[in-house]
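Here is the structure we will look at.
The values are calculated or read from the model by the stated rules, or taken from the named source; none is laboratory data. Worth saying up front: this structure is predicted, and the values here are computed from it rather than measured. Cβ placement follows ideal geometry from the backbone for every residue including glycine, while neighbour counts extend to all protein chains displayed. Heavy atoms of the whole protein, side chains included, go into the accessibility calculation; ligands, DNA and RNA do not. Shrake-Rupley method; radii C 1.70, N 1.55, O 1.52, S 1.80 Å.
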Protein chains: 2
Amino acid sequence: MSSNFGGSPARERLPANYLTILAAIRDIAPGTHLTAQDVFARARRQRPKLGFATVHRGLARLSELGYVIKVDVPGAACAVYEQTAEPHAHFRCSSCGSIRDIAFSLPPELLVGLARQHDLQIEVESTTFTGRCASCR
Amino acid sequence: MSSNFGGSPARERLPANYLTILAAIRDIAPGTHLTAQDVFARARRQRPKLGFATVHRGLARLSELGYVIKVDVPGAACAVYEQTAEPHAHFRCSSCGSIRDIAFSLPPELLVGLARQHDLQIEVESTTFTGRCASCR
DNA sequence: ATGAAAATGAGATTCATTCTCACTTTCAAC
DNA sequence: GTTGAAAGTGAGAATGAATCTCATTTTCAT
């Protein structure tokens, strides 16, 4: 899911492992996208006994709570995770597979209109562009 | 990929199997979304010996050529396919998993602007909304 | 200290998708 | 019509991300 406009993360006690997982994502440059494997490798440096399933569980929970964002990009082999940031879209290069953020978001009033028009409750909006990046052209 | 604004399908000789696969998708109500399994089941009624790998190959090719659209919806277990239609977005209900079309598309000039601004070549744009549908509320 | 609930790690499992490969079909050139 | 190279095919194996299971460990209010 790309943008979460449900508000700020709920304050809730998190298991130590989840904090380690969260740190693994927060301790990188904004705009970086990590796969679950990446997060696993990074978090394991802090907690060598950490299991992969726990990373997935933790990422799912952290994503639910709004601490991180799970990004499902069409065409990509697996999901990537990023730290919470301003709403934005994603671009995926079909040639090299790289993913980068694009400052962009749909106007909230548009979402409200669509939701009303179709009788839906829209919680998450995700926009993805695919094409070729500068270096692959 | 949700919208393809690269033009109309190229005229090219397609293997008979691919035509069967295409027919399986075209012979349903617009707005219906079929998984590869669904397409397989339907196409197999016409060609019982058809293999599953061939369906995947065919869908990939047909999608490349613009005859069908592959829809990768965040959160869904697998991709779905639909017939080519007016550009539109997708809504996925997080509760029942149903997917429906939403008449919506980004203004082309916006895409051109983003492409120029970020030095990208944008070929496909995909917008997905997630939330709860009317019957799940 | 204690016990119920939550969290954990390891490995098995699931399942969509892709790969492999021997075989078959297609079709243009002769 | 024959031929041969290229393309397509089906079956099953392989891949790999994500989820599930379960016995064990940790947490924490009491």
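Does the stretch B:17-51 hold any residues that are touching a residue at least 12 places away in the same chain (Cβ under 8 Å) and small (Gly, Ala, Ser), and which are they? Passing the criteria: B:23, B:24, B:31, B:36, B:43. Filtering the stretch B:83-92 to residues that are more than 8 Å from chain A (Cβ to nearest Cβ) and either within 19 Å of residue A:124 (Cβ to Cβ) or of a type in the set (Lys, Arg) (or both) leaves B:88, B:89, B:90, B:92. Kindly list the number of the only condition in (1) closer than 30 Å to residue A:134 by Cβ; (2) outside any loop (DSSP other than H, G, I, E, B); (3) open to solvent by less than 60 Å² (accessible area, probe 1.4 Å); (4) more than 16 Å from DNA strand D (Cβ to nearest atom) that fails for residue B:63. The single condition residue B:63 does not satisfy is (4). Among all residues of the stretch B:121-135, there is at least one that is more than 9 Å from chain A (Cβ to nearest Cβ) and at pLDDT below 95. Looking across the stretch B:26-47 at every residue that is closer than 21 Å to residue B:13 by Cβ and surrounded by fewer than 18 Cβ atoms within 10 Å (Cβ to Cβ), the one that is farthest from DNA strand D (Cβ to nearest atom) is identified as B:26. Scanning the stretch A:85-114 for residues that are among the small types (Gly, Ala, Ser) and open to solvent by less than 20 Å² (accessible area, probe 1.4 Å) yields one hit, A:89. For residue B:82, indicate whether it is among the acidic types (Asp, Glu) and open to solvent by less than 70 Å² (accessible area, probe 1.4 Å). Criteria met by residue B:82. Per the listing B:73, B:112, B:68, B:80, the residue uniquely free of Cβ contacts under 8 Å to residues at least 60 places away in the same chain, within 14 Å of chain A (Cβ to nearest Cβ) and away from DNA strand C (no atom under 12 Å from the Cβ) is B:112. When restricted to residues that are surrounded by 14 or more Cβ atoms within 10 Å (Cβ to Cβ) and touching a residue at least 24 places away in the same chain (Cβ under 8 Å), the stretch B:115-137 contains 12. Residue A:50 passes every criterion in (1) at pLDDT 90 or above; (2) more than 9 Å from DNA strand C (Cβ to nearest atom); (3) open to solvent by less than 60 Å² (accessible area, probe 1.4 Å) apart from (2).
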